[in-house]
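Accompanying notes for the structure given below.
The values are calculated or read from the model by the stated rules, or taken from the named source; none is laboratory data. Computed from a predicted model, the values in this text were never measured in an experiment. Glycine gets a Cβ as well: all are built from the backbone with ideal geometry, and neighbour counts include every protein chain shown.
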Amino acid sequence: MDASALRESLHQAGYIADEALATTLWLAAELQRPLLLEGDAGVGKTALATALAQAQGRRLVRLQCHEGLDLSQAAYEWNYGRQLMAIRLHEAQPGSVREADLFGRDYLLERPLLAALTSEQPAVLLIDEIDRADEAFEAFLLEVLADWQITVPELGTLRARQAPLAILTSNGTRELSDALRRRCLYHWLDYPTLAREIAIVRSTCPEAEPQLVNEAVAFVQRLRREDLGKTPGVAETLDWVRALHRLQHTALPDDAAALQATLGCLLKTRDDRFQLTPERLRRLLEGRNRVETGDGVAARHGA
C-alpha cells in the first residue's frame, strides 16, 4: 500500500486526510517509526488513530496520558492478589508453587504499552496527549519507541512480536524533550481548510442539507479568526451541524438570536460566549454572502 492508497483507505474509514499527512503516516509505517502529531485540540489527531486502525484492520490500543501516569497504569503491573493466593496455597500445600513462578508471565497484568507490543494481531498504539504526562514517564517511553521493547526487572526484556503503528498526540501544553522528538516522525495538524472541512462534515453528517453544511462550515472558519479563548475544532463543527439539522434547519438561520441559542455547540467558555455579542454574530452572518477565496469555495456554493 502506497501513500495514495492509505489516503483512500482513511477516506473510506471516514477520515479526510490531505496528501502531506497521508505521506507522513505511510512513511511512519514503512520505517517503523512513531508519529508525533501536534496541533490544537479538536483538529482530528485522536480520530486519525481510530480511522487508521479501522482502515487497516488493526487492533487499537489507547493510552490516555495524564499527570502522575506511571508504569503500573501504562505498561504493566504484577497481579498481587493472585500472587498472594499462590503464596497461601504454597503455605497449605508446600511445593505447590515455586517462588520463581510468582514473577512469571501468568502473574503479569498487561497495560496498554505492553499489550500493544505483545498483541497477536498488528496494533495501532495511540499515546494520547503525551504532553500531559510527566517528564519521567516521557523518559521511560524512549526505550519503547526506540526498540519496541519493555524491560521488566523480574523477567528481562520483552520485545514486540511485531512493531505497532504508534501515534503520539500533543496539544502543546508543555514542551516535549528533544530525545522524544528525535525518535518520531513529525506532523503539525492544523485546522482544515474550508474545502476539506466541508468534505469532512458531508462525509460524517450525510443527512444534513448541503447548503446548511456549506454555510455552517464557512461560519466556523470565520469564527476561528476571532479572538477566542478556545477555538472551535472540527468536533465542534460536527456537533453544531448535527444540532442545526435536528432543529430542522436547511440553511444557516438569518436570525442572530436563534443562532445564538445553538452556540453552546461551538463556544465552550464563559468569556467566549459573552464575547460573541449579537452585533458580532450578525457581522459574522453577513460574511456568508462573500466568497471564501482561501479554498476557491463559496460559502453558499461550496464544492
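Step by step: first the residues of region 172-204, then only those that are among the acidic types (Asp, Glu) and part of a helix (DSSP H, G or I), then the one that is surrounded by the fewest Cβ atoms within 10 Å (Cβ to Cβ). Which residue is that?
Applying the filter and picking the extreme gives ASP178.
Being in contact (Cβ under 8 Å) with a residue 40 or more places away in the chain, in a helix (DSSP H, G or I) and surrounded by fewer than 22 Cβ atoms within 10 Å (Cβ to Cβ) is the filter here; which residues of region 222-239 pass it?
Matches in region 222-239: ARG222, VAL234, ALA235, GLU236.
What number of residues in region 138-171 are within 18 Å of GLU38 (Cβ to Cβ) and not aliphatic (A, V, I, L, M)?
Counting residues in region 138-171 that are within 18 Å of GLU38 (Cβ to Cβ) and not aliphatic (A, V, I, L, M) gives 4.
Is it the case that region 144-159 has a residue that's part of a helix (DSSP H, G or I) and surrounded by fewer than 19 Cβ atoms within 10 Å (Cβ to Cβ)?
Yes, region 144-159 contains at least one residue that is part of a helix (DSSP H, G or I) and surrounded by fewer than 19 Cβ atoms within 10 Å (Cβ to Cβ).
Among the residues in region 42-54, are any in contact with a Cys (Cβ under 9 Å, 6 or more places away or on another chain) and either free of Cβ contacts under 8 Å to residues at least 40 places away in the same chain or over 30 Å from TYR107 (Cβ atoms) (or both)?
The answer is no, given that none of the residues of region 42-54 is in contact with a Cys (Cβ under 9 Å, 6 or more places away or on another chain) and either free of Cβ contacts under 8 Å to residues at least 40 places away in the same chain or over 30 Å from TYR107 (Cβ atoms) (or both).
Which members of region 158-180 meet the condition of being of a type in the set (Lys, Arg) and within 21 Å of LEU114 (Cα to Cα)?
Those that are of a type in the set (Lys, Arg) and within 21 Å of LEU114 (Cα to Cα): ARG159, ARG161.
Yes/no matrix, rows are residues, columns are (1) over 16 Å from the mean Cα position of the chain (by Cα); (2) surrounded by fewer than 17 Cβ atoms within 10 Å (Cβ to Cβ); (3) at positive phi:
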position	(1), (2), (3)
SER4	yes, yes, no
LEU10	no, no, no
VAL43	no, no, no
ALA49	no, no, no
LEU63	no, no, no
HIS66	no, yes, no
ALA74	yes, no, no
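Mind checking whether some residue in region 101-109 is in contact (Cβ under 8 Å) with a residue 12 or more places away in the chain and in a loop (DSSP other than H, G, I, E, B)?
Yes, that holds for at least one residue.
Could you list, in sequence order, all residues of region 1-45 that are under 19 Å from GLU197 (Cα atoms) and in a helix (DSSP H, G or I)?
Result: ARG7, GLU8, SER9, LEU10, HIS11, GLN12, GLU19, ALA20, LEU21, ALA22, LYS45.
State whether the residues of region 163-171 include one that is surrounded by fewer than 17 Cβ atoms within 10 Å (Cβ to Cβ), out of contact with any Pro (no Cβ under 9 Å at 6 or more places or on another chain) and modelled with pLDDT under 95.
No, that holds for no residue.
Against the condition of a type outside the set (Ser, Thr, Tyr), at pLDDT below 95 and either on the phi > 0 side of the Ramachandran plot or touching a Lys or Arg at 6+ places or on another chain (Cβ under 8 Å) (or both), how does LEU155 come out, does it pass?
yes
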